[in-house]
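What follows is a set of notes on a single structure, which appears directly below.
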Amino acid sequence: PKLRGRHRQQNGSQLSTHRHQELRSVHRCRSHSSLFELCPTMPRNLARFLLLASVLLGLLPCFESFVPNLAPLKTQPARAALRQDGGLRMSTDSKKPKAKGHQLVSKWLKSDSAPELKTPVVDIHPEGKDKAKEDYSECNLHKMERILRDAQRDICAAIQELDGGAKFGEDDYTRPNSANSHLAVVDGTLQTLQNPRVDGGGGRTMVLADGKVFEKAGIAMSVIYGEMPAESLNLTPDRKKHGDHNHRKAGYKKGEKVPFASCGLSAVIHPMNPFCPTIHFNYRYFETDNGHWWFGGGTDITPAYVDEEDMKHFHGVYKAECDKVDPDYYKRFKAWADDYFYIAHRGETRGLGGIFFDDLNDRPAEELLQFVDGCLKAVPKAYVPIIEKHRDDKFTEEQKIWQQIRRGRYVEFNLVYDRGVLFGLQTGLGRMESILMSLPRDTRWEYCHEIKEGSEEEKLAKALATPREWV
């Protein structure tokens, strides 16, 4: 009233009802009322600007309830719920009610006691963080994550010791959108909160380069979640041939965004010596919000020269691991590897095989977790003796050139056919440095290269053109 009276005296007229309301609002904004007292005749546009700014400043505290970077969340906690088979039930349907503040956020923090990354945990839980970790530890994703992290540590240690020179460098990363990605387990479903983009996660990439034995070795682990196009669930046509019934796309329409969670460990190790073969392995777990989960992966070997005893040893180790679970696994997965690692435009396989599988959910998840764990523990057993046997073999410049030509074929497969590379490139969900880590340091392409008849190089070419049984 005091402000209105002063304004009436200076203008000599009755204020309109609208002007009264404006001045009441300005009067309530204490930070700006003194300005109007000092300048009662300021232009109307300036007054409106100050009024709008005052209102926005007054609303700022309200944003703290849903912008996690401004203030801690103060809403009621949510209980993490799991399906009976250990999988999370997920949903990002914007029509479903959102429970503000209940979030599952990937936090990639260094542990005080060991250089290992901690797992994602439910930040807010009715019985505290310890109970949240306990609940999360019961799900398939976390169990697989633990297996992969242990395998990365142990295999890196074995390769570094075998090299005896270079050491692995660590590169921990968080996906760019993770800081603004929030998922909540609400009433048993994993829901998106507040942000339209739900991509999140992170990982650790370990790389050794220019060692005494190894030219390049990379072992990358990641745990990611987000949304991807339904079409990306089936990137290659070989699944039906090997027993898959296209269950991944069940219930999804073309172009629909599919919420998912995934973790994986991938490695490629390229030795210096042409008589030491390259090894690749990849093991992963994938889950979508329609209740489907599956395991995938395998281990394969790519030599530049054929040593039958080496191949019998390598395949024998993995046959033994497969036989522990199912006597049909090795035969089935070995044939799948021969089909999958085929370079169609060259009419040859990338290497001399191993095992490969995808969409594996033919038995309880606990049994498949043990199978994956066994396959990863078999990597040093299958590979280290071969490297120790050949690390000091003498070789010629021509043999080194042949190794580089074969590595050129390795690059061709990875960039044209490899499912993991295609998934990362097509969906944009992968980290390019970690995906392309698999490429060798030195490669070579020779125009119309001819192999000498009766040579050791020809022996390999014949083995690549016609896959055979080794055990």
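Data table
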{"quantity": "Sole residue being modelled with pLDDT of 95 or more and out of contact with any Cys (no Cβ under 6 Å at 6 or more places or on another chain), chosen from Thr302, Thr288", "calculated": "Thr302"}
{"quantity": "Residue within segment 409-427 that is outside any helix (DSSP H, G or I), acidic (Asp, Glu) and within 30 Å of Lys319 (Cβ to Cβ) present", "calculated": "yes"}
{"quantity": "Selection from segment 291-310 of residues that are assigned to a loop (DSSP other than H, G, I, E, B) and in contact with a His (Cβ under 7 Å, 6 or more places away or on another chain)", "calculated": "His292"}
{"quantity": "Condition met for Asp392 (surrounded by fewer than 20 Cβ atoms within 10 Å (Cβ to Cβ), in a helix (DSSP H, G or I) and not aromatic (Phe, Trp, Tyr))", "calculated": "no"}
{"quantity": "Cross-chain or 6+ apart pairs with Cβ under 6 Å, segment 443-471 first and without any contact (Cβ under 8 Å) to a residue 24 or more places away in the chain, then in a loop (DSSP other than H, G, I, E, B)", "calculated": "Glu458/Ile451"}
{"quantity": "Glu433 being open to solvent by 80 Å² or more (accessible area, probe 1.4 Å) and either farther than 23 Å from Tyr340 by Cβ or assigned to a loop (DSSP other than H, G, I, E, B) (or both)", "calculated": "yes"}
{"quantity": "Positions within segment 324-365 being assigned to a helix (DSSP H, G or I) and not hydroxyl-bearing (Ser, Thr, Tyr), in sequence order", "calculated": "Lys331, Arg332, Phe333, Lys334, Ala335, Trp336, Ala337, Asp338, Asp339, Ala365"}
{"quantity": "Residue among Trp294, Trp336 that is at pLDDT below 95 and surrounded by fewer than 23 Cβ atoms within 10 Å (Cβ to Cβ)", "calculated": "Trp294"}
{"quantity": "Neighbours by Cβ (under 7 Å, 6+ apart or cross-chain): first from segment 144-157, under 19 Å from Leu368 (Cβ atoms) and in contact (Cβ under 8 Å) with a residue 24 or more places away in the chain; second part of a helix (DSSP H, G or I) and open to solvent by 20 Å² or more (accessible area, probe 1.4 Å)", "calculated": "Ile147/Asp373"}
{"quantity": "Any hit, segment 277-290, residues being touching a residue at least 12 places away in the same chain (Cβ under 8 Å), assigned to a loop (DSSP other than H, G, I, E, B) and open to solvent by less than 20 Å² (accessible area, probe 1.4 Å)", "calculated": "yes"}
{"quantity": "Total residues in segment 363-389, condition exposed (fewer than 14 other Cβ atoms within 10 Å of the Cβ) and charged (D, E, K, R)", "calculated": "4"}
{"quantity": "Segment 298-317: number of residues that are surrounded by fewer than 23 Cβ atoms within 10 Å (Cβ to Cβ) and closer than 23 Å to Lys143 by Cα", "calculated": "1"}
{"quantity": "Residue list for segment 194-243, restricted to those being at pLDDT 65 or above and part of a loop (DSSP other than H, G, I, E, B)", "calculated": "Asp210, Gly211, Lys212, Val213"}
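The values are calculated or read from the model by the stated rules, or taken from the named source; none is laboratory data. Source: prediction; values computed, not measured. Note that we place each Cβ from the backbone using ideal geometry, even for glycine, and neighbour counts take in every protein chain shown. The protein model used for the area step is the full one, side chains on, heavy atoms only, and it has no ligands, DNA or RNA in it. Shrake-Rupley method; radii C 1.70, N 1.55, O 1.52, S 1.80 Å.
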